1. For B:Asp276, which sequence-distant residues (separation of 5 or more, or a different chain) have an amide H within less than 5 Å of its own amide H, given hydrogens modelled in the peptide plane?
2. Averaged across B:320-332, how many Cβ atoms of other chains sit within 10 Å of each residue's Cβ atom?
3. What whole-number volume per residue, in cubic angstrom, does the convex hull of the C-alpha atoms of the stretch A:282-326 give?
4. Rg and Dmax of the stretch B:104-214, Cα atoms, in Å?
5. In whole Hz and in residue order, list the ³J(HN,Hα) couplings for the stretch C:219-232 that follow from phi through the Karplus curve 6.51 cos²θ - 1.76 cosθ + 1.60, θ = phi - 60°; x for Gly and Pro.
6. Over both sides of the C-B contact, add up the buried accessible area with a 1.4 Å probe and give it to the nearest 100 Å².
7. Treating cross-link reach as a plain straight distance, find the lysines whose alpha-carbon is under 16 Å from the alpha-carbon of B:Lys115, omitting any fewer than eight places away in the same chain.
8. How far is the Cα center of the stretch A:136-209 from the Cα center of the stretch A:60-133, in Å?
Number of protein chains: 4
Amino acid sequence: MSEIRVGVIGYGYWGPNVVRNLFALEACEVTALSDRNPAALQRARRTYPGLHVTTDADEVLTSPDIDAVAIVTPVWTHYELARKALENGKHVFVEKPFTSTSRQAEALIELAERKKLQIMVDHTFLFTGAVKKIGELIDAGTLGPLLYFDSSRINLGLFQHDVSVIWDLAPHDLAIMDYVIRDTPEAVVATGGTHFGKHADIAFLTIYFPNNVLAHINVNWMSPVKVRTTLIGGREKMLVWNDLEVDEKIKVYDKGVTVTGAEGVYDLLVSYRSGDVWAPKVAQTEALTTELSYFLDCVAQGCTPFNDGTAGLRVVRMLEAADQSIADRGKVVPLS
Amino acid sequence: MSEIRVGVIGYGYWGPNVVRNLFALEACEVTALSDRNPAALQRARRTYPGLHVTTDADEVLTSPDIDAVAIVTPVWTHYELARKALENGKHVFVEKPFTSTSRQAEALIELAERKKLQIMVDHTFLFTGAVKKIGELIDAGTLGPLLYFDSSRINLGLFQHDVSVIWDLAPHDLAIMDYVIRDTPEAVVATGGTHFGKHADIAFLTIYFPNNVLAHINVNWMSPVKVRTTLIGGREKMLVWNDLEVDEKIKVYDKGVTVTGAEGVYDLLVSYRSGDVWAPKVAQTEALTTELSYFLDCVAQGCTPFNDGTAGLRVVRMLEAADQSIADRGKVVPLS
Amino acid sequence: MSEIRVGVIGYGYWGPNVVRNLFALEACEVTALSDRNPAALQRARRTYPGLHVTTDADEVLTSPDIDAVAIVTPVWTHYELARKALENGKHVFVEKPFTSTSRQAEALIELAERKKLQIMVDHTFLFTGAVKKIGELIDAGTLGPLLYFDSSRINLGLFQHDVSVIWDLAPHDLAIMDYVIRDTPEAVVATGGTHFGKHADIAFLTIYFPNNVLAHINVNWMSPVKVRTTLIGGREKMLVWNDLEVDEKIKVYDKGVTVTGAEGVYDLLVSYRSGDVWAPKVAQTEALTTELSYFLDCVAQGCTPFNDGTAGLRVVRMLEAADQSIADRGKVVPLS
Amino acid sequence: MSEIRVGVIGYGYWGPNVVRNLFALEACEVTALSDRNPAALQRARRTYPGLHVTTDADEVLTSPDIDAVAIVTPVWTHYELARKALENGKHVFVEKPFTSTSRQAEALIELAERKKLQIMVDHTFLFTGAVKKIGELIDAGTLGPLLYFDSSRINLGLFQHDVSVIWDLAPHDLAIMDYVIRDTPEAVVATGGTHFGKHADIAFLTIYFPNNVLAHINVNWMSPVKVRTTLIGGREKMLVWNDLEVDEKIKVYDKGVTVTGAEGVYDLLVSYRSGDVWAPKVAQTEALTTELSYFLDCVAQGCTPFNDGTAGLRVVRMLEAADQSIADRGKVVPLS
């Protein structure tokens, strides 16, 4: 197959990064860009003089010269744009979260299957050196069976008018959690607060997995300090990922608990083990470059990406459950 | 009034600190110490050759030469020991959490009132320079109306056989929260996990207050790193207290959100304000010294401490609610 | 005056930043770029399709359509290029360090004066929010009379073939020191080590000023960790600038020493004062943008920049003295 | 041999730690304590009711019931006290720095040899888990041949009336450097400043060793922040020891430089290697306990400690050279 011809919809906050990376990849040609905002298009034209730009997304969605569409717009527009792209025979790369509802996600997955087209949901973090390294450590059994996953993603944030802090920030953590824990969640509990506007600006999610595995996610738009820290506790070793560290993002702690005596017995003896700490080298390449290159590969070779529509759907289901839970101050919402 | 004669029950982990501080205070005389463990008593005798020690707590509780008793034993023993002390006309200084149940706490409060005796619950953190400074900042209106309180108290912990991580660590945060928020909580949601033995070793509490004020507490015995951080968000300023910092424990951030347009309106404009950061000097004196000195003052002058039985009861009620909630994976438990 | 026409010489490591910033400034037009490396020119052409590029610097230096030249090449080329530019009536913006010798610097200054042209030496750090804020604090007398300046600039560095770590890294610190201390240095002592090649890769400079004011600079290409920290001690307050901090680059400590009794007396009493810490907000704009805009202003209005050739010469003199000192393992070299 | 009977002279800042540790060691008996300050003696009597205390050091120095004397007094008193102790047949444990001059040190060493007595100089840091671990890593060749040692020991300090910051703080670094580098220094350069009283309060030492190995020590009583950091660069790996870290005091960086082509050749290629980081577990026992126990062993078994008078003399010689150097603003002072 020759170069894949990609059209991009959306040139707001994240779109310029997608366009810049696509331009740098030899496996593709960027053929058109649409945005409803003429000022955005003018910025794009200055940087990419030859690029065809338009305010009409339909031009991109229906063009016969386009093989794949990258949708980099607000979540409430994803379903309509992706549906049209698929119906017009185009592969879809779509910003996270995948869709506004799980029904929309299911419909798109079904449509793509029928049309034999690929969907990739842009869970960029899964392509960072840090998350890849965590995946390798878990695959290698370094941490042992997992106990918990506890992530904080807080800062004085860009308030969104259309979504809560859960839909804005938690998709990152949920996608990473999904990638790391590799099991089917059982239930979600979400608590939080709304101080400005009508959407929660601070929220805490607990996700229950089988075998007492537990995840917790703290997202907050109202924090004076920026924190991007994930703790992963395993029976053998424990890991801390601080994404704000430049050089030692991941630390593996040879620490843990040794239980003597049968578990469940009242008088079990618990003792502590504390050894060396190790910061494995983490690749510094730009995650979006790796991800888009993988997207082009999947399209060219007709194989399903691991961050496909189904992966996107899993995250949307948890977001929906969190919404349901927080609306009732933390009701336990089972995930069937 | 002359020197107050104090008896101490319990010389395990915390007891030696109580005894050492009482010995240093001129307003009191330590007249007896009991512990069921003869080895503990021997350690005490080496350090305080003149001190009367006994394995029989009743000796302390009934001695006519004792005005006040410090109870520094596991929580499940507090009620019986405190009841006996009060019945024998002695003031009580009791380790946190106050009691195992709110009914026990209520009974002790009622008994103390009837006998005109003082109860002080040892919420030591309320006497640290850091918490006092936070209280002053809130009193002065520096932070403006509060939005949230978010505290993490995690480390590879001393597993307790008789209580969960909630009853072990969260009393600190609940007492501090109670002191800082100064309002009546409406409901508690607790989630968590049990990986060893039968008690939760990791737990997340959300406490709802009126006016959308929210508290969150993260306690964890299974963390490879020690964290002691509390974020307090106010409408005017925000504060971070990192108790592991030696020199700049408290930082006040001149950061926040400015809302233009009526709240609730869809198109409200939210803009960010980011200014200087300020680390006020925090007194470095030992909190327990200040607290015990205050206890002796309250006893001598017959006034009720702010950390009295009622304050202890408020914490116990939240602990009970958390237990109820976590047993059902995060059920919302209202606090009447 | 209309747009100033600028030619750029050098498109290696720093050149692209200069070109990008000049393109963004409305007060100027970038008319030509030269570099001896055709690959560099090709990179430039891709980004700036309309820009005239050439491998022949003389084209830029002699073009009648150019008002000012930015010289962004290795230091050993500065003198010849700047001389030719000035002789051809062009203003000069030149990379730090200004020249390889103080005689070269003096000759260029004299030539520019004669031709009534401006020279600006690119001491970029002087245009950062952090250094500007430090300057304001010193102007306002916040720190009181200065006692010392102690700077560390260390990391696993890009080894230079043509210069030592002193000429590579210390010009930053010397320019900042010159800006902050505002006095004439008396002597330089430099020690250091050479472990690879023939130039020092680790060096320590002490610069003596009148009134017991002292500066120390630690530069190291062989450090496993990156450090960019400057301590400035004043009699009233002390300041730490950590340039690697994102949010609180500058901290002002209300700490110091109070001397009771006449100084010099044996039994003087020295006591310590320790108060609040304060992190003033620091502007986050790109320093090079501000600096180049200032350069264009100076050219347009015919005024001498504060970072002119004379400022560049002061730094070169200290570098020469450091070379002399380190060659003899730390001989004291007076600055006349 | 039965219990060693130890007398202690000096109960000021460090003396109480020596006494407390000696009391805890079974191999010795503390038989007497002297201090010229009656208030200090009273404090000691309260804690150790049975201990014989006196204001007359001679009582301790001449007592027939004492085998060894610990001298924990200001440096200018060390020589006279140690001489008398040795002349009276007592082993000597003496605070650092060993003596005020190298001649005094030489005289004491000669006297101890003649009398077949042990001298141990209290370079406590050599007995910390951190320094022991560094020694093990160097012994194991982990770092490869050393390149440099760079240590900072700065804070708002306790001004000493009788000595400069060099004699107060640098003995720690010089003893550690001596232990780590294991070679004979060639020359010392010291620069610094005097802002209060007559002794330097800020100083920078460079110590030259054979084979281009270099040490640098930054000591400062006038720093608003406390820093205790040592960088050790080796050809294979590099190490950072941050003594203020609680959990990860030592980090070993798999970083370095690879040189291709013969060294000294102009066109040598230098490339960078950057791999994992590793924080080995460091023992947390109190260094002084280990050191005093080792002292008692050496006395009992008649063997010479590695931190003997000769080790103390090496440090004193460097301090003398530093004094000579700083007096002339950084003159190079050879160590014969």
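1. B:Asp254, C:Lys281
2. Details: counts 0, 0, 0, 0, 0, 3, 0, 0, 1, 8, 12, 4, 8.
Going residue by residue through B:320-332 and averaging, the value is 3.
3. Values: hull volume 4.8 nm³, N = 45.
Each residue corresponds to 106 Å³ of Cα convex hull volume.
4. Considering the stretch B:104-214 through its Cα atoms, Rg and Dmax are 16.5, 46 Å.
5. Each residue's phi maps through the Karplus curve to give 10, 7, 8, 10, 9, x, 10, 8, 10, 9, 10, 10, 9, 10 Hz.
6. On the way: alone 16360 and 16380 Å², together 31740 Å².
The C and B chains share an interface burying roughly 1000 Å².
7. Correct list for B:Lys115: B:Lys84, B:Lys90.
8. 22
The values are calculated or read from the model by the stated rules, or taken from the named source; none is laboratory data. Because the structure is a prediction, the values reported are computed rather than measured. All Cβ positions, glycine included, derive from the backbone under ideal geometry; neighbour counts span all protein chains shown. Ligands, DNA and RNA are excluded from the accessible area calculation, which covers all protein heavy atoms including side chains. Shrake-Rupley method; radii C 1.70, N 1.55, O 1.52, S 1.80 Å.
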